[in-house]
Amino acid sequence: MRPVLTPAELREADRRAIAGGTPAPELIARAGAAVARAAIDRLGGTYGRRVTVLAGPGSNGADGIVAAERLAARGVGTDVFRIAEVVDGTALARALDRADLVVDAMYGTGFRDALSGAADGAARAVEDSGVPVLAVDIPSGVDGATGAVRGRAVRADRTVSFVALKPGLCLEPGRSHAGSVTVVDIGIDPGPVRLHTLDDADLALPDRVPGAHKWSAAVLVVGGSPGLTGAPRLAAAAAARCGAGMVVCALPGAAAAASAAGGDVVTRALPDTDGVLAESATAAVLTGAERFRALAIGPGLGSAAGAAAAVRGIVAGFRGAIVVDADGIAAFATEARALRDRGPAGLPLAVLTPHDGEFERLTGARPGVDRVAAARALAERLGAVVLLKGPGTVVARPDGGAVINRTDSSDLATAGTGDVLTGIIAGLLAAGVDPFAAAATGAHLHGSAARRTGLGTALVASDLVAALAPTLAARRTARRTEES
């Protein structure tokens, strides 16, 4: 896993390094040298090349000045503009007109305001010029803690970041402003880390053990209501692709169960009231539930009071692993004891997968710009693993450990893809993966499968299900290659 440091954690790591005997000027020299190397790599050489360096007043600007000195020593033509001073707009325009690259060293990860004055003017001039940009640590104008942009921000083609990734490089809109990101070790120990991103090698992809049978990793999907029977079917199909040996899709009413049957999906009818899950369905679900290793509950369920009561009763009584999605999440807006009691009872923590609207139904407010803090707070409050869907999905557990997923994209903003994610997680849970790892791996696979389709905004949920098998096969093949 790759560590992610907040600006405050980075400042503390800097302090420890300096207190440990590494002078601040030495750290700046190392950072500046790394920027110069990245610039030369981006330029494809030094002969006849020119670079415009925008240097701010702090350590980020100092890194840029060192980089400019190194580049000049290698024969690269350099124009340096210090943002803390008066910037001659005509001179800057002339420099940009002949530049092959801009080094943005105006502000670093601690910046949290809107660009103003000379910095805003310089950012606008760079944007208008179309010259490629190399950002130092983070593009100026991006909040290093949240990825938020207040006003204008530099849009880089590449970012050289030091010590570790920052949340602002992993969360939108900062992620889109950063371009490709390279992390450089400059001799600072990041120390204890509670926030990470996953690489392919970190994914929890268990193989079936010898002697396994279909009920060894069985999943029960509970969902559906009038007009929404497709949601649990999508979840069931995804679970079958991601580790489940047997998937039963339980829907309210005989008619719904009959209409959803067919293909690889086994259906089961549950007690209903006009096609909506009845509170009495609790007993029906829990009878024989010990055969299932994992439960996915909520897709297409509807928001009737009886259904919400049934969700709470089922979650309270089910002894295996659980993922709660969609309308199932709303059942815990006013009463979350069934979730909080699982950990103390020695049961697997439930996984909840809210988007921003569902988060608001649980908490009374949207997540805000700090999505990591929002996911952590909800996970602690509910005693559950929270997967906060959105631009830069965050997975958090009650003790504060968290993962930011970097494979998601706006291509997934289409109906049914959330149901597929629920099924992926359920399949992994049934295969024995820990809830936090299942949620983090599921988010990674979800985004990877979407990219694999190559369909962009034409993607629909069924395309995502079809892409799961080749996505998983590619990850497993790569892992075997690395291990051999």
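Since every read-out is calculated from the coordinates, none of them should be taken as a lab result. Since we're looking at a predicted model, the values are computed, not measured. Cβ: placed from backbone, ideal geometry, glycine included. Neighbour counts: every protein chain shown.
Counting beta carbons within 10 Å around each of E483, E9, E380 and listing the fewest first gives the order E483, E380, E9. For S280 and R319, the difference between the fully extended length at 0.36 nm per residue and the C-alpha to C-alpha distance is 12.2 nm. Overall dimensions of the stretch 124-174, expressed as equivalent-ellipsoid semi-axes from the Cα gyration tensor (√(5λ), whole Å, largest first), are 18, 13, 7.
Calculated on the alpha-carbon coordinates, the convex hull of the stretch 200-483 measures out at 122 cubic angstrom per residue. A simple packing score, the average count of other Cβ atoms within 10 Å per residue, orders the peptides 349-359, 435-445 as 435-445, 349-359, with the highest score first. Please pull out the direction-averaged projected area of the chain, using the convex hull of its alpha-carbon atoms, in nm² to one decimal place. With the hull built on Cα positions only, its mean projection is 25.1 nm².
Using the alpha-carbon atoms, what tilt in degrees (0 to 90, nearest 10) does helix 89-98 show relative to the longest principal axis of the chain? Approximately 80 degrees, to the nearest ten.
Out of every Cα-Cα pair that the stretch 310-423 contains, those further apart than 18 angstrom amount to 46 percent.
Spin-label model, E380/E127: points 7 Å from Cα along the beta carbon direction are separated by 3.6 nm. Between R16 and R479, full extension at 0.36 nm per residue minus the direct alpha carbon distance yields a gain of 163.1 nm. A convex hull fitted to the Cα coordinates of the stretch 2-190 yields 99 cubic angstrom per residue. Among S410, S280, S161, sorting on how many other beta-carbon atoms sit within 10 Å of each Cβ, with the fewest leading, yields S410, S280, S161. For the pair the stretch 313-363 and the stretch 97-140, the centres of their Cα atoms are 44 angstrom apart.
How high is the relative contact order of the chain, in percent, counting Cα pairs under 8 Å that sit 6 or more residues apart?
Normalised by residue count, the contact order of the chain is 12 percent.
Mean residue ellipticity at 222 nm, helices only, the chain: -12500 deg cm²/dmol; runs of at least 4 DSSP H residues each add -39,500 (n - 2.57), and the sum is divided by the number of residues. Assign one of three labels to the stretch 400-484, namely rounded, prolate or oblate, based on the Cα gyration tensor with a ≥ b ≥ c the square roots of its eigenvalues; rounded applies when a/c is under 1.5, prolate when it is not and a/b is larger than b/c, and oblate otherwise. It is oblate, given that a/c is not under 1.5 and a/b is not larger than b/c.
For the stretch 174-199, the residues whose backbone nitrogen is under 16 Å from a point 7 Å from the Cα of S409, taken along Cα to Cβ, are 175-181. Sorted ascending by nearby beta carbons within 10 Å, beginning with the fewest, C249, C242 become C249, C242.
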